[in-house]
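Each value in this text was obtained by applying a stated rule to the coordinates, not by laboratory testing. Only a predicted model underlies this, so the values are computations on that prediction, with no experimental measurement involved. Ideal geometry is used to build each Cβ from the backbone, glycine not excepted, and the neighbour counts take in all protein chains shown.
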Amino acid sequence: MIAALRRSPKQTAFIQDACLTHGVEFYKGMLQSRCRQGVDLAAVVCRVAQAALRVSDLWFTFRTRAIESVADEVAEFLAEREFSFVRGEKLIGRSGRVWTPDFHVRATRRSSLVYVLSTGSRSAARSVVNQVHTAFFDLNHLVVGPEALRFMSLFDDTVDVWSDEDYRLAEQLSTVARWSRPDEFADLLQAA
């Protein structure tokens with residue numbers, strides 16, 4: 001029903017609500033209902049179908065929000081590791097466009113702007129990388145001076161959608177980290 005490998009607590013609550021409303025169970029990713037003797041089979045099938053429609057609506061609603069749930073995990077990780085960070089800070093690029101990196105992390109030796117690259121679609125992966133590459137190019141005036149920032153691209157590689165070309169493109173303007181290796185990500189943030 002929800003195709004993501006991970007569901008946010010909000011998504012899980014919505015699924016549970018749909019199941020409660022229609023009197024069905026959500027078990028191991030399946031919507032199911034028991035049909036006991038003397039119960040109208042058509043009514044049971046109709047309840048499961050209605051619940052399936054509500055859950056599928058949730059999938060379309062939350063499909064574009066996968067980045068937010070990974071970003072939420074990253075925020076929790078940064079807080080656990082006691083990094084000081086600002087989420088969604090607005091920065092003006094050389095072109096005049098306003099960019100919003102996912103995190104501005106302040107570490108002991110150096111601060112970093114971090115974009116979280118996440119998508120469930122292989123066809124959308126390149127456009128996500130291109131968008132981040134463009135942002136870092138436009139913000140590159142921030143990598144010089146006494147308070148020079150480091151640019152980091154944090155790939156959500158828990159879903160296999162990224163190609164070697166995507167990583168190489170990101171490496172041109174940023175330090176690449178992988179969410180499957182959170183300790184390495186933390187070490188990169190601490191590096192000078």
Residue with peak Gaussian network fluctuation, the chain [Cα springs, cutoff 10 Å], from LEU41, LEU169, LEU31: LEU41
Using Cβ counts within 10 Å as a stand-in for footprinting exposure, how do PHE14, PHE137, PHE103 rank, fewest first? PHE137, PHE14, PHE103
From DSSP H assignment alone, runs of 4+ in the chain each adding -39500 (n - 2.57), the sum over residues rounded to the nearest 500 puts [θ] at 222 nm at -14500 deg cm²/dmol
Using only the alpha carbons, work out the radius of gyration and Dmax of the range 71-192 in angstrom. 13.6, 40
Which order results if SER111, SER174, SER180 are arranged by neighbouring Cβ count within 10 Å, fewest first? SER180, SER111, SER174
Between ALA49 and SER123, what length comes free when the chain is fully extended (0.36 nm per residue of separation minus the Cα-Cα distance, one decimal in nm)? 23.6 nm
Sorted from fewest to most neighbouring beta carbons within 10 Å, what does the list TYR27, TYR115, TYR167 look like? TYR27, TYR167, TYR115
List the longest stretch of the chain that has no exposed loop site; here a site is one of the GluC sites (Glu not before Pro) assigned by DSSP to anything other than H, G, I, E or B, with at most 14 other Cβ within 10 Å. 1-81
Residues other than GLN190 with Cβ under 13 Å of its Cβ, Lys/Arg counted +1 and Asp/Glu -1, net out at +1
Each label point is 7 Å from the Cα along the Cα-to-Cβ direction; what then is the distance between the points at SER180 and LYS28, in nm? 2.6
Test item: Cα-centred dipole of the chain, Lys/Arg +1 and Asp/Glu -1 on Cβ, debye: 420
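Only helices at least 18 Å long along their own axis, judged from Cα atoms, and with Kyte-Doolittle mean hydropathy of 1.0 or greater: name those in the chain from DSSP H.
Long hydrophobic helices here: 41-62.
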Counting only residues 5 or more places away or on other chains, whose amide H sits under 5 Å from the amide H of ARG150 once H atoms are built in the peptide plane? SER111, SER112, LEU113
Does the range 9-62 come out rounded, prolate or oblate by the C-alpha gyration tensor, with a ≥ b ≥ c the root eigenvalues, rounded set by a/c under 1.5 and, if not, prolate when a/b is larger than b/c and oblate if not? prolate
